[in-house]
Amino acid sequence: MAHYESMVLVKSSLSDEEINGVLEKIRALIVRLGGQVTEAVNWGKKKLAYEIQKDKKAAFLIFRFNAAGTVPKELDRACRFDELILRSMTVAIGEDEGLPALVGQSALSTPESRD
């Protein structure tokens with residue numbers, strides 16, 4: 001099984017419960033397709049670099065999972081048909097790439113951490 005990371009942008013007009021519902025729906029889809037979710041994080045609502053479907057903000061959901069090569073294609077297909085999802089992208093990652101942990105900390109640096 002290969003290692004993947006997926007980022008899903010969800011409409012910011014949704015409530016926190018609805019966003020968490022989308023997170024759980026995507027997690028269940030990955031498991032149903034035979035994958036194993038290692039991390040699933042709601043990064044919260046953030047400003048976008050440019051508008052997507054007239055939205056200036058989006059909720060960022062990050063998933064790391066192990067799965068067969070067909071799962072990312074099916075995941076992206078399912079995200080395209082969901083009206084609550086603005087964009088999604090899945091990339092293959094190496095097991096030992098040294099990426100920052102998602103749970104418990106933000107992988108993005110903050111202005112305070114640059115000092």
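The values are calculated or read from the model by the stated rules, or taken from the named source; none is laboratory data. Keep in mind that what you see is a predicted model, and the values were worked out from it rather than measured. Here the Cβ positions follow ideal geometry from the backbone for every residue, glycine too, while neighbour counts run over all protein chains shown. SASA here: full protein model, heavy atoms, side chains in, ligands and nucleic acids out. Shrake-Rupley method; radii C 1.70, N 1.55, O 1.52, S 1.80 Å.
Starting from residues that are open to solvent by 100 Å² or more (accessible area, probe 1.4 Å) and not small (Gly, Ala, Ser), keep the ones in the stretch 36-50 and report whichever is farthest from the chain's Cα centre (by Cα).
Initial filter on the stretch 36-50 (open to solvent by 100 Å² or more (accessible area, probe 1.4 Å)): 36, 47, 49-50.
Narrowing further to those that are not small (Gly, Ala, Ser): 36, 47, 50.
Values: GLN36: 15, LYS47: 16, TYR50: 18 Å.
Among residues in the stretch 36-50 that are open to solvent by 100 Å² or more (accessible area, probe 1.4 Å) and not small (Gly, Ala, Ser), the one farthest from the chain's Cα centre (by Cα) is TYR50.
Can you pull out every residue in the stretch 44-62 that is among the basic types (Lys, Arg) and touching a Leu at 6+ places or on another chain (Cβ under 8 Å)? Quick ask: steps written out before the conclusion?
Let us first name the residues in the stretch 44-62 that are among the basic types (Lys, Arg), namely 45-47, 54, 56-57.
Hits for the stretch 44-62 are LYS56, LYS57.
So which of ALA107, ALA101 ends up being modelled with pLDDT under 90 and in contact with a Leu (Cβ under 8 Å, 6 or more places away or on another chain)?
Numbers: ALA101 fails: in contact with a Leu (Cβ under 8 Å, 6 or more places away or on another chain).
The unique qualifying residue is ALA107.
Looking at the stretch 41-49, is at least one residue more than 18 Å from GLU18 (Cα to Cα), without any contact (Cβ under 8 Å) to a residue 40 or more places away in the chain and among the small types (Gly, Ala, Ser)? Quick ask: steps written out before the conclusion?
Taking the stretch 41-49 first, the residues more than 18 Å from GLU18 (Cα to Cα) are 47-49.
Narrowing the set further to residues that are without any contact (Cβ under 8 Å) to a residue 40 or more places away in the chain leaves 47-49.
Subsequent filtering for residues that are among the small types (Gly, Ala, Ser) retains 49.
So far as the stretch 41-49 goes, yes, one or more of its residues are more than 18 Å from GLU18 (Cα to Cα), without any contact (Cβ under 8 Å) to a residue 40 or more places away in the chain and among the small types (Gly, Ala, Ser).
Considering only the stretch 13-56, state which residues are under 20 Å from ARG80 (Cα atoms), assigned to a helix (DSSP H, G or I) and out of contact with any strand residue (DSSP E or B) (no Cβ under 7 Å at 6 or more places or on another chain).
GLU18, GLY21, GLU24, LYS25, ALA28, LEU29, ARG32
Residues in the stretch 61-90 that are open to solvent by 30 Å² or more (accessible area, probe 1.4 Å), closer than 14 Å to LYS45 by Cβ and in a strand (DSSP E or B): how many?
The number of residues fulfilling the criteria is 0.
Does the stretch 14-33 hold any residues that are under 21 Å from VAL71 (Cβ atoms) and open to solvent by 50 Å² or more (accessible area, probe 1.4 Å), and which are they?
Listed by number, the residues that qualify are GLU24, LYS25, ARG27, ALA28, VAL31, ARG32, LEU33.
For the stretch 25-82, which residues satisfy the criterion of being among the β-branched types (Val, Ile, Thr) and either closer than 15 Å to VAL10 by Cβ or touching a Gly at 6+ places or on another chain (Cβ under 8 Å) (or both)?
Selection gives ILE26, VAL41, ILE52, ILE62, VAL71.
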